[in-house]
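Inspection log for the structure reproduced underneath, given as structure tokens.
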Amino acid sequence: MENTEYRRKTAQKTDSSQVTGNLMARESFTLDDPVPKTPTVNNHGFWELPKQDQKNFGLLVLLYFLQGIPMGLAHGSVPFLLKEHLSYGEIGIFSLAGYPYSLKLLWSPIVDAWWSPKVGRRKSWILPIQLISGFGMLILGSVVEDWMSTTGKPGGPTVWNFTGWWFFLVFMCATQDIAVDGWALTLLTPGNVSYASTAQTVGLTAGQFLSYTVFLAFNSKDFANKWFRSEPLETGLLSLGGYLTFWGWAYIFVTLALAVLKKEEKTRNEDGIWDVYKIMWGVLKLKNIQTIIVVHLIAKIGFQANDGVTNLKLLDKGFGKENMALTVLIDFPFEIGLGYYAGKWSQEYTPMKLWCWGFMGRLAAAILAQFTVMIFPAGGVTPWYMLVVIGEHIFSTFTNTIMFVAISAFHARVADPVIGGTYMTLLATVSNLGGTFPKFFVLRLVDYFTEATCYPPTTKVDTTTLKSPLVTKPFSCAMQPDKELCINGGGSCEMLRDGYYIVNIICVIVGVVTFTMYIRPKVMHLQSLPLRAWRLAPGR
């Protein structure tokens, strides 16, 4: 399954100093009135919250949910749909569309500092960004069906142009996320700010689940013909263009309603843009931070072929989008339930020790995934093989969750509370980047190592039924467009060397070597350091 760490945030405890700071940042706060009691964090349930907080919680869930719609498409569904038309290397180019979410720290100080007092600190960004995103989805929805089938082909858009549109949508989502995260601190009353992380988890998870699992299933013609139709058709119940168009209008409607119905409480500026950048630079100069950055940037190389290619390879083998959607659907409740136990274990064991266990588990999951692809039944998907894929999927997701929960706990432990927001965001950004940047190279290498030959048909073929010119001589069909040309021309594309197996083994070997020689000794050392080793020097 696509790595989705970008959507999860650590649910940290909010201490009284943070709560008080949020209260004092409001323009309505004054010392001319009787000194208010320092607010404390409430531990009561959701239904015991004030009505206003319940409404604002719902608003946050809605805003995060909208972010999850294009994110679920860009990171989940679209790569699967593209696999029918593009090579692994071209899908690697498309993976660059996810970079903005891993780099949003670079412009987050700008979003925090530049705004219009007339509109509101957060609405100044949320309103225009959601409108632009909505119109962007309407435009993309009107052409995406043609682009999906012609991208990278003569007369069609290049894969870079197609990626550029999704890069733009993800950039908008990442920028909106910065603004919504900031608004959550003042939208809820000080003692209930901890519910902001819950709203984010619920909203983003629901949006991505809808755009990944649900959309992928209803976009599949086989799923629709099997469960909803008496007469089979060549299309699914939902098209990508129609789905984008619907949510484009939904974005616009919600934005207009937000502009009219929701008033934002005025707040004062905190640190300026350059103040935040100076803090970030100071943190980056810490030796231990430099070490953990190196660890983050190399730690996920061992799992990249499994995370980025295994599911695509299963589709290539004939697993089917409807079966993939069902696998992810079944995996989802397991991810939630097993995540609970991962969180529980993070309280019983030291975070980086648990993280190392998860690391070794993910390496084992990568080997198990390769074995699962290798034993794909010649006659197609069978019930026992479906169970094998689901089991492999659950195990891979579980080890991923263990690593995420453990590293989040470690980040929360070492972050300087004086600059906690900047510190945590910096660490999370580097962690996400470590899982994003290798994917492009890994997918390109799969194409590089793959060798396949298209052979002409051995029997007479009715050329009137072919979609491409008749294959008359052998040629390479390692790349997806050449494979389509071969099959449509009546030929047979025989795989001589599958680059996925080679790249996955290389990744696992790199993972084992780096983990043994560098990563494990370094993270265990970092965990043993006192907290003062992670703090900025006074006056810096």
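Overall shape: oblate for the stretch 322-392, with the ratio a/c of the largest to smallest alpha carbon gyration tensor axis at 1.5 or above and b/c at least equal to a/b. Out of these labelled values of Cα Rg over 2.2 N^0.38 Å, (i) 1.24; (ii) 1.04; (iii) 1.49, which was calculated from the coordinates shown here? Derived directly from the coordinates: (ii). Does a label point 7 Å from the Cα of residue 458, set along Cα-to-beta-carbon, have any residues of the stretch 354-380 with amide nitrogen under 19 Å, and which are they? Answer for the stretch 354-380: 378-379.
When the pairs 287/522; 153/226; 104/285; 300/353; 118/278 are compared against a 24 Å limit on Cα-Cα distance, 153/226; 118/278 fall above it.
What is the local net charge at residue 489, summed over the other residues whose Cβ is closer than 12 Å to its Cβ (Lys, Arg +1; Asp, Glu -1)?
Summing Lys/Arg as +1 and Asp/Glu as -1 gives +1.
With the cut-off at under 16 Å, measuring from each backbone N in the stretch 505-523 to a point 7 Å along the Cα-to-Cβ line of residue 291 picks out 515-523. Helical content of the chain, expressed as a calculated mean residue ellipticity at 222 nm, amounts to -21000 deg cm²/dmol (DSSP H runs of 4 or more residues, -39,500 (n - 2.57) each, divided by residue number, nearest 500). The modelled label-to-label distance between residue 150 and residue 514, using points 7 Å beyond Cα along the C-beta direction, is 4.1 nm. Peptide packing for 504-510, 282-288, 350-356, 519-525 was compared via the average number of neighbouring C-beta atoms within 10 Å per residue; ordered from the highest value, the list is 350-356, 504-510, 519-525, 282-288. Distance distribution note for the stretch 150-199: the fraction of Cα pairs above 15 angstrom is 61%. Isolated cysteines of the chain, defined as having no other cysteine beta carbon under 4.7 Å away, are 173, 356, 507.
Applying 0.36 nm per residue to the separation of residue 384 and residue 451 and subtracting their alpha-carbon distance, the gain on full extension is 21.1 nm.
With a Förster radius of 45 Å applied to the beta-carbon distance between residue 441 and residue 227, the computed FRET efficiency rounds to 0.70.
What ratio of Cα Rg to 2.2 N^0.38 Å holds for the stretch 248-352? Against the empirical 2.2 N^0.38 Å value, I get 1.75 for the stretch 248-352. For the pair residue 273 and residue 350, what calculated FRET efficiency results from E = 1/(1 + (r/R0)^6), where r is the Cβ-Cβ distance and R0 = 51 Å, to the nearest 0.05? The pair residue 350/residue 273 has a calculated efficiency of 0.85.
Pairs of Cα atoms in the stretch 464-503 fall into 10 Å distance bins, from 0 up to the last occupied one, in shares of 30, 48, 17, 4 percent. Rg and Dmax over the alpha-carbon atoms of the stretch 490-540 stand at 22.0, 73 Å. Among rounded, prolate and oblate, which fits the stretch 194-265 when a ≥ b ≥ c are the square roots of the eigenvalues of its C-alpha gyration tensor, a/c under 1.5 means rounded, and a/b larger than b/c means prolate? It comes out oblate by the Cα gyration axes.
What FRET efficiency comes out for residue 256 versus residue 341 if R0 is 41 angstrom and r is the Cβ-Cβ distance? Round to the nearest 0.05. Intermediate values should be presented prior to the final figure.
Details: r = 43 Å, r/R0 = 1.06.
Given R0 = 41 Å and the Cβ-Cβ separation, E is 0.40.
The accessible surface of the chain, taken with every protein chain in place and a 1.4 Å probe, is 65 percent carbon and sulfur. Expressed as a fraction of 2.2 N^0.38 Å, the value expected for a compact globular protein of N residues, the C-alpha radius of gyration of the stretch 372-494 is 1.73. Note on residue 143 and residue 103: their simple-model spin labels are 2.3 nm apart, each label 7 Å out from Cα toward Cβ.
Tell me the per residue accessible area of the chain using a 1.4 Å probe; a whole number in Å² is fine. Mind showing how you got there, number by number?
Values: 24820 Å² over 540 residues.
For the chain, the solvent-accessible area averages 46 Å² per residue.
Counting only Cα atoms, the stretch 116-268 measures 58, 37, 24 Å along its principal axes, largest extent leading.
Solvent-free Debye calculation, one equal scatterer per alpha-carbon of the stretch 437-500: log10 I(q)/I(0) at 0.17 Å⁻¹ equals -0.58.
If you find the alpha carbon centre of the stretch 68-94 and of the stretch 106-137, how far apart are they in angstrom? Value for the Cα centre distance between the two parts: 27 Å.
A full extension of the chain between residue 488 and residue 46 corresponds to an added length of 153.4 nm, given 0.36 nm per residue minus the alpha carbon distance. Accessible surface comparison of 322, 392, 145, probe 1.4 Å, protein chains only, largest first: the order is 145, 322, 392. State which helices in the chain qualify, where a helix is a whole DSSP H run, it must extend 20 Å or more along its own axis by its Cα atoms, and its mean Kyte-Doolittle hydropathy must be at least 0.5. Span-like helices, by this rule, are 123-150, 159-187, 240-261, 351-374, 383-414, 420-449, 499-514.
Simple rule: put +1 on each Lys or Arg Cβ and -1 on each Asp or Glu Cβ in the stretch 112-164, find the dipole, and look at 133, 148, 120; the Cα lying farthest toward the positive end is 120. Of the two radii for the stretch 292-411, the radius of gyration is 1.01 times the Kirkwood radius, both from the alpha carbons; that is the Rg over Rh value.
The values are calculated or read from the model by the stated rules, or taken from the named source; none is laboratory data. Keep in mind that this is a model prediction, so the values were computed, not measured. Cβ sites come from the backbone with ideal geometry, for glycine too, and all protein chains shown count toward neighbours. To get the accessible areas, we keep the full protein, side chains included, count just its heavy atoms, and leave off ligands, DNA and RNA. Shrake-Rupley method; radii C 1.70, N 1.55, O 1.52, S 1.80 Å.
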